[in-house]
Amino acid sequence: MTDRLCNVPDQPKPPVFLLDTMSFIFRAYHAMQRSRPMSTRSGLPTAAVYVFVNMIKKLRQDFSPLYFAAVFDMSGEVFRDERARAIGMLRKWNGKTQCFEDVSYEGYKAKRESMPEDLRRQIPYIRRALEALRIPILEAVGFEADDVIGTLAREAAEREHEVFIVSGDKDMMQLVTSRVKILNPQKDNLVLDPAKVTETLGVPPEKVVDVMALRGDAIDNIPGAPGIGDKGSLDLIVEFGSVEAVLERVAEVKRKSYRESLEQNRDTVLLSKELATIDCRVPLELDLSAMETQSPDVEACRELFTELEFTSMLKELTPATNGVVVELIEQPTPAQVATFYAGAREHGFAFALDAAEPASQETEDDVPQTLSLLDVVEEA
């Protein structure tokens, strides 16, 4: 009889989930604003925290991630701010004067509105919620959350893990590969793979940044090519394949306004592509052991949910670890009764007497002598 070696296929490695936290927070905030605001009795707004925690809980219930981390933006300048300062001026077409005019460029994300005050007050509590849920928070000085996510996604994919970027941000579509996908919980857990990105945007993931470079981004104040909008940018990339190819063959661009905008803003368009490109080489090493899912810190959750008056969430928690142990004493001694009664007076506890056995009034302080049931309940 000869031994045979069986080739058993390797089991797939557990997927890695990377949360685009601020995207999640803003969607939680606006979701609740459309229905009703929430606040504590003292006036602290809590709607975004409440929705955010519920979204995290549902994500865990739906996917049971083994590796999960929340990625945050850090305050302060990022490398794109310095690069954007090189733009200086833009050449925009003026329809009235029928000529191009120099327009000053205000800088990367210069036109982004400041965070609403009621949301800003909730951010520290969201961070506390993540800590209580034992979800690691990742961030990198000088880089945006997109760059951290792109880097970690690349590293995890290189280790043959499937990656789910939890986000509703279209910018993330440039990161999609056969291993890296976008998961959008707000759209019934929609998953975007390369084919779905192509179906959604009209170009594959590797061309997304080229489209963004031409159309620009009003939120991040990436200028692009002035006058070339969503449809024009898509048509040009579908026809020419890349920003560089469009600029190299600009004489072939049929529409005059597009052709002249590209000729007048060549350097700006190339820099726009650089600003729109997510940096997947942030000096940050993927540490999967630090991202392993842990059970929530129940006491930290209890403290936070009590402070924020999340009654329904408190009810879902397990009993407090320091809760009172209830002991049934069928025939307590006078000393046990006296000790219990003294504790009840001091701490505000309640107890129950057996109606079948009337209490004797002969002991010190009129303490009942016989209790068949002691039901200790701490008053709220």
Of the options 253, 333, 283, report the single residue whose Cα projects farthest towards the positive end of the charge dipole of the stretch 206-336 (beta-carbon charges: Lys, Arg +1; Asp, Glu -1).
253
I'd like the accessible area for residue 292: 1.4 Å probe, protein heavy atoms, all chains in place, Å² to the nearest 10.
80
Averaged per residue, the 1.4 Å probe accessible area of the stretch 150-210, protein heavy atoms only, in Å², is roughly 42
Go through the stretch 117-127 residue by residue and turn each phi into a ³J(HN,Hα) via Karplus (6.51, -1.76, 1.60, θ = phi - 60°); whole Hz please, and just put x for glycine and proline.
4, 5, 7, 4, 5, 8, 4, x, 6, 5, 5
Counting only residues 5 or more apart in sequence or on a different chain, those whose built amide H sits under 5 Å from that of residue 138 are 70, 71, 72
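The values are calculated or read from the model by the stated rules, or taken from the named source; none is laboratory data. It should be emphasised that the depicted structure is a prediction, and the values quoted were computed from it without experimental measurement. Here the Cβ is made from the backbone with ideal geometry for all residues, glycine too, and neighbour counts use every protein chain on show. SASA here: full protein model, heavy atoms, side chains in, ligands and nucleic acids out. Shrake-Rupley method; radii C 1.70, N 1.55, O 1.52, S 1.80 Å.
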